[in-house]
Structure formats: C-alpha cells, structure tokens
Amino acid sequence: MAIVRCNLAFHKTPIGKLGTFAVGVRDGIYKNPSEFAAPIITEITFNAAITAYENMYGAYTQGGNAQKGPFFAAEEALMDLLDEQVVYVDAVAQGDANIIWLSGFKPTKATKSKKPAPKQFKDVKVKRVSTGVMQAKCEHQPGVDVYICIVTAGVPIPDNIQINEGGQLPVGENAPAIPLDPNNPIAVALPFVQANGGIFDFTKGRKKKFLGLTPGVTYYFTFFGINTAGVGQFSAPVGLVCW
C-alpha cells in the first residue's frame, strides 16, 4: 500500500483558479497552529504570492497577451510555494489523511501507485555562475513531480543516507544519529540543514540557482525527487567552493 500524501493534482488547476486553491491551503495551515506549528515558509510570504497571482491574473484578463508573461511568472512562483507546502504537510501528516484534508490539500488514495517512487539521482552537476552565485542541476527522471535540492555550507549531508532503507542522519557534532523516517525525510533533515546554513529549493525544474552565497565557502548540493508514489533517496552531495 502506498503512503497517503498530498495529492498533486493542483498542478493541473484551470487558469485563474490557483489563487482560490492557495487561499484554502493558507487558511488550513496558518489557522491550525496546533497541527501545523512550524511551516517552512511564513504566512506573509505565502500571502504575498497569492496577492501577486491574483493581481497579475486581473491584469492579464484586462491587458491580454501584453500581461501574459508576468501572469505566468506569478503563477509559477505561487506553484513553487505550494510544492513547498506539500513537503511540509506530508512531513507533519505522516500519512494521516485527516491532517492533509485540514491543510487544504486533498490526500491521495492509499493504493498501489502505477509509477515507482523516484530513483536516486546519480548525475548532479554544480558550477559557479558569478560572485556569490552557484547553479546545480540533476538529470531528468520520468515520473518525478517535484525536484528538490538541499544546499549546506561547509558540511555535506552524509552521502550514505538511504532514505527508503531507513538510514540515519546526524544532527550535530557529538550528537547521536537519528533514525531517518523513509516517508518524511524533511522532518529530520530540516534541523541539520538549518544548523549548517542550509537552503531548500523547491522551484520547478531540475536546474537551481542560488544567490547570495559566501565566497570562499564550500557548498554541498544534494538532490532528491518526490512523486505520488513516494520520496526518492538523497543523491551523494557534490561540493564546490564559491567564488
């Protein structure tokens, strides 16, 4: 049986309807702090993306093709934040469909998925773009709904983590390793990433650009994929010194 997760069907929401869906997610998450105590993104940030989407949709319907580009940029930005909310809600819900409903998302059915969970990415490439700017890219993998990249400064996420095999993730110097929940890697990875100047990138696509990095620091880039069937394993970290 597949683990119940947030349904990603909202990616096919008809044009102009995404804002309404996002408002439901906003109300579900931020009005229920007892269940959703520490969202990855703030309510202010999420509200701003909803407002920008609604404003640009209004401009698009009034101005036609002249406003098409800005509208789709606002739509993509809101969709990226919704993908981030999905990962957070799945980590909190741990397969509980009632909590997923409460969040404003719809749960998937607990049936065997027709597609497999994402495989471990083997081909991660990193390059310097300019001062304080680096870019990471993973290979395409059929069936992946969300490509996620984790960046940590100075300390890589251990490359022997096997998410689907119940590996372990150290959370600090001299701290005992914590068993990694194969169904909720974010819940365990988040403290480690935050403690090491980390960044989660949930933006669409396989290519990620990171701004404002510190020259002279070695940054480590780790990818994994998510789809309705499950969560893929972390890739081995790839490190590069920032210029």
Check: Checking ALA110 against (1) at pLDDT 90 or above; (2) of a type in the set (A, V, I, L, M); (3) surrounded by fewer than 15 Cβ atoms within 10 Å (Cβ to Cβ); (4) under 23 Å from GLY230 (Cβ atoms), which test does it fail?
Finding: (1)
Next item on the list: Considering every residue within region 6-24, establish whether at least one is out of contact with any helix residue (DSSP H, G or I) (no Cβ under 8 Å at 6 or more places or on another chain), modelled with pLDDT of 90 or more, among the charged types (D, E, K, R) and open to solvent by less than 60 Å² (accessible area, probe 1.4 Å).
Entry: no
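Criterion first (modelled with pLDDT under 90 and either open to solvent by less than 60 Å² (accessible area, probe 1.4 Å) or of a type outside the set (Gly, Ala, Ser) (or both)) does MET79 satisfy it?
Values: modelled with pLDDT under 90: no; either open to solvent by less than 60 Å² (accessible area, probe 1.4 Å) or of a type outside the set (Gly, Ala, Ser) (or both): yes.
Judged against the criteria, MET79 is not a match.
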Check: Restricting the search to region 211-227, which residues are open to solvent by 10 Å² or more (accessible area, probe 1.4 Å) and either touching an Asp or Glu at 6+ places or on another chain (Cβ under 7 Å) or at pLDDT below 70 (or both)?
Finding: ILE226
Item checked: Residues satisfying the stated conditions in region 25-40, i.e. modelled with pLDDT of 90 or more and either touching a Lys or Arg at 6+ places or on another chain (Cβ under 7 Å) or surrounded by 14 or more Cβ atoms within 10 Å (Cβ to Cβ) (or both) -> VAL25, ARG26, GLY28, ILE29, TYR30, ASN32, GLU35, PHE36
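The values are calculated or read from the model by the stated rules, or taken from the named source; none is laboratory data. These figures come from a predicted structure and were not determined experimentally. Counting neighbours? That spans all protein chains shown, and the Cβs are built from the backbone with ideal geometry, glycine included. What goes into the accessible areas is simple: the full protein's heavy atoms, side chains included, and nothing from ligands, DNA or RNA. Shrake-Rupley method; radii C 1.70, N 1.55, O 1.52, S 1.80 Å.
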